[in-house]
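Here the structure is laid out as structure tokens; the discussion comes afterwards.
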Amino acid sequence: MIKIFNTFGKKMENFDPIDKNHVKIYVCGPTVYDRIHIGNARPLVVFDTLVRLLKLSYKKVTYVRNITDVDDKINKKSIETGKPINKITSETIKHFHVDCNKLKNMPPDFEPKATDHIKEMVELIDTLIKKGFAYVKSGNVFFRVKNYDHYGRLSQRTIDEMLAGARVEVSGLKENSADFTLWKPSSKDLPGWDSPWGRGRPGWHIECSAMSKKYLGETFDIHGGGADLIFPHHENEIAQSCCANNKQFMAKYWVHNGYVNIDQKKMSKSLGNFKTIYDLLKKFNGEVIRYFLLQAHYRAPLNFKHEYILEAKSSLSRLYRSIKDFKKNGDPDKEIFFHLKNDLNTPKAFARAHFLSEQSNKGSREAGQLLKNSSALLGILEEDTETWFKNNPIDLKIEYQLSETNIEEMIEDRRIAKEKKDFKAADKIRDNLLNNGIILEDNVNGTSWRRT
Ligand SMILES: [Zn+2]
């Protein structure tokens, strides 16, 4: 039995699918205007691991992850760069697939694009208008929040709290400021489609209601995404879907992963601490980034630090070393499987993996074999050991090239550079050591160092 924490009701539940012969899961995908960052990568890896677990547990699993290719952020980027919108979206989708692949994510079964489903969205909006859950105002269509009694149940917010989070409505078109956009008019220079309410484009939330219905049905098992999507995005999806389809629920289980912080700070473009996967992949194998993202429990906040990725790399290399004689030949380790079934407890699964690794190093063939057999479940350790070390040789440098004498010499060079106030050179030495897995700590007695 799989246990999963349901955001809806905020409690741990036994996973009991609507149809045991066919499990259905929908995850909100990227808005394609820019390279994905480490915060975007977390849900991709978390839900890929959940899908791997489901596929091992059930006969049939359908995994849908959408692509948002119509959005004001994309329009803005087009104006800023002078690049046509379809060029921005098609290039970004290509980059996204490369990143996903390098992070060892299996492709979803369906990856629908919003612009291919305008017809379905228009139909859904039309149904909502006919049922009195939406209204038209000067080419806009808004969802009438007050007509849906259960609004706010997922995020457990009161109307006042929700209004505090909503943008102040300046146009005065809405009946109520909590109402949200389903459709808005497009000027000639913006992407637009013909509709009963004039030429326009959809609001963001409606695409997920339309596409989940098309590929998974009016109700399905799991809806996932980052915790930042709970309100308003997922709250609005529920309102649209339940009202249009006349259902008590949209998805049975709502699953959300926690935030990623950079050096304990919120990641943001203005702080300049944005880490794109593309940049990280220049230095690290995608499997290392995957390992790092899965080390923490998916619901806990995760702090990114350069050193932590280096640590993830040496941990992963330790595991690779202990499976060098093994090829996958059977079922995964029962204990790793058990931990994942318990609300996707990857920290415990990884601890067990390291226990098996130590046993294997001590000569247990069984332990090494079980670890290798668990690779597909975790999405790590799928390469053979030789290839791994050939492509990821930095560990050899840490162990065989940088001796204590080398390190002490470099620290002395850095001290001299600092004395001469050549901080650029001093920082360069520090970074160089860090890339070789050496962390410096400055203190009153000088500089101490440790290996990651
Ligand atoms: Zn969505």
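The values are calculated or read from the model by the stated rules, or taken from the named source; none is laboratory data. Keep in mind that this is a model prediction, so the values were computed, not measured. Counting neighbours? That spans all protein chains shown, and the Cβs are built from the backbone with ideal geometry, glycine included. The accessibility values were calculated without ligands, DNA or RNA, using every heavy atom of the protein model including side chains. Shrake-Rupley method; radii C 1.70, N 1.55, O 1.52, S 1.80 Å.
Taking 0.36 nm per residue of separation and subtracting the current Cα-Cα distance, fully stretching the chain between R415 and N273 would add 48.4 nm.
For the chain, what does the accessible surface come to per residue with a 1.4 Å probe? Please give it in Å².
That works out to 48 Å² for each residue.
Applying both filters, DSSP loop and at most 13 other Cβ atoms within 10 Å, to the GluC sites (Glu not before Pro) of region 345-452 gives E382.
Largest to smallest in accessible area, the residues R415, R52 fall in the order R415, R52 (1.4 Å probe, all protein chains included). The figure for R299 is an accessible area of roughly 90 square angstrom, using a 1.4 Å probe on the protein chains alone. Considering only N86, L340, M121, and ranking their Cα positions along the charge dipole of the chain that arises from unit charges at the beta-carbon of Lys, Arg, Asp and Glu, the one farthest toward the positive end is M121.
Give the percent of DSSP beta bridges with both residues in region 3-257 that are antiparallel, rounded to the nearest 5.
Around 45 percent of the beta bridges assigned by DSSP in region 3-257 are antiparallel ones.
Placing unit charges on the Cβ atoms of the charged side chains and taking the dipole of the chain about its Cα centre, the candidate lying farthest along the positive direction among S360, V141, S374 is V141.
For K146, the accessible area of its heavy atoms, probed at 1.4 Å with every protein chain present, is near 140 square angstrom.
What part of the accessible area of region 239-311, given as a whole %, is carbon or sulfur when the probe is 1.4 angstrom? Whole-percent figure for carbon plus sulfur exposure: 48. Which pairs break 25 Å Cα to Cα here: K283/K390; K252/K334; K60/K131? Over 25 Å apart, Cα to Cα: K252/K334; K60/K131. The equivalent ellipsoid that matches the C-alpha gyration tensor of region 277-433 spans semi-axes of 35, 19, 13 angstrom, in descending order. Here the chain is assigned +1 on the Cβ of each Lys and Arg and -1 on the Cβ of each Asp and Glu. Its dipole about the Cα centre then comes out at about 380 debye. With the whole protein complex present, S270 retains an accessible surface near 110 Å², based on a 1.4 Å probe.
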